[in-house]
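Bear in mind that the values in this text are calculations on the coordinates, not laboratory data. Note that the structure is a prediction, hence the values are computed from the model and not measured. Note: ideal-geometry Cβ built from the backbone for every residue, glycine included; neighbour counts use all protein chains shown.
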């Protein structure tokens, strides 16, 4: 999953690299703006992956593979419905995005061309989210890796073929991305067929007509959507407040956030493992196994976080130098680098517990933790501290935001595992007895 995660930003990076070698800077500006638009748009809908993982992992843990099939069918139908909405609303979405990005008159035309082509990849992108989430829930991590590698290889090859071979411009770059997502969906569908054969079960059409099962999926995904929107608000406010301090500080913050993204892609691999393994144990009502999974992921994640802290402490300046050769930006980034040295050890908890909560489908608690951290901690602290200590105050508020998420979810985790009979999904008397036995065995 770490390798799979590290391949995620490759689509945008390859598109940007190809556009960067076209003769006019407007092409690069358009592709950069278009990539940002779709990253923002699709990130908001990534709840399809996270919600699907938890429900599938629990069904897998119960050995109810008919339910696991139904989750897949429901997730794919929901993906198709959301993609249809995006396609219907593509014109107002495109014009709103162009206004917000304000890329300049010439680049704006190229952004419209890019958007018009790439928006048709929405059904494939959202279906891939659903498939990746389902594979993780079914404890099959190699399938998402295969899908992501397929997407990236096809996108890279077609970028070169369309732009340099056929003479296309931004439309060719957008089309290559759409073709890559389509190839990923084809690969994912074939892999899903193989997994379904390995876990034979009946398709239960009645579950697709059952309002309660749909409400469960929609409720979980709705809470994760709110959580994701809060995260996006926090990063947008961080960027906006940093911009008030000048272009140099804004650029330095952007460089350091690249290091934060590197950290997140590394730790998310363990978070995805927590989604799958902890979710399966929670579905089995096996409290001892659930706690063991959480503790194992925490230990590994803390080790990786410590490695990142050591890396940023010893080689942080070298990494900054690789990202820019502008002296003023380098100097500013050096000044704020200590916050990035601390960040791995502060943010690791929120990454791990995100995975645990998704696997156990504690989406409401995850949403509440994010609301508290965003509007109870980061928003007021960032506005207050930036006026006291400038960008150092902004970074302190950002680390307080990450820490508050971890503390809130750690508290909810302890509360939930100490009252499993009422906190777990309704089950048989045997399941409740197993939980009680697990409490005794686990202390």
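Once the piece of chain linking residue 116 and residue 240 is laid out straight, how much longer is it, given 0.36 nm per residue of separation minus the C-alpha distance between them?
Between residue 116 and residue 240, full extension yields 41.8 nm more.
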Note to self: Relative to 2.2 N^0.38 Å, what does the C-alpha radius of gyration of the stretch 122-267 come to as a ratio? Two decimals please.
What the structure shows: 1.38
Notebook entry, point to check: Any idea how far apart residue 310 and residue 203 come out in nm if each label point goes 7 Å out from Cα toward Cβ?
Noted result: 5.2 nm
Item checked: Separation of the residue 321 and residue 261 label points, Cα + 7 Å toward Cβ, nm -> 2.3 nm
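Return the FRET efficiency for the residue pair residue 418, residue 219: r is the Cβ-Cβ distance, R0 is 30 Å, and the value is rounded to the nearest 0.05.
0.80
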Notebook entry, point to check: If contacts are Cα pairs under 8 angstrom and at least 6 residues apart, what is the relative contact order of the stretch 211-443 in percent?
Noted result: 29 percent
Check: Which number comes out as Rg/Rh for the chain once both Rg and the Kirkwood Rh are worked out on C-alpha atoms?
Finding: 0.98
Check: Modelled label-to-label distance, residue 292 and residue 106, 7 Å Cα→beta-carbon offset: nm?
Finding: 6.4 nm
Note to self: I need to check one value: relative contact order of the chain, counting alpha carbon pairs closer than 8 Å and at least 6 residues apart, in percent.
What the structure shows: 20 percent
Margin query: For Cα pairs less than 8 Å apart in space and 6+ apart in sequence, what is the mean separation divided by the residue count of the stretch 1-209, i.e. the relative contact order in percent?
Written below: 32 percent
Check: What are the extents of the Cα atoms of the stretch 1-209 along their three principal axes, listed from largest to smallest and rounded to whole Å?
Finding: 57, 31, 26
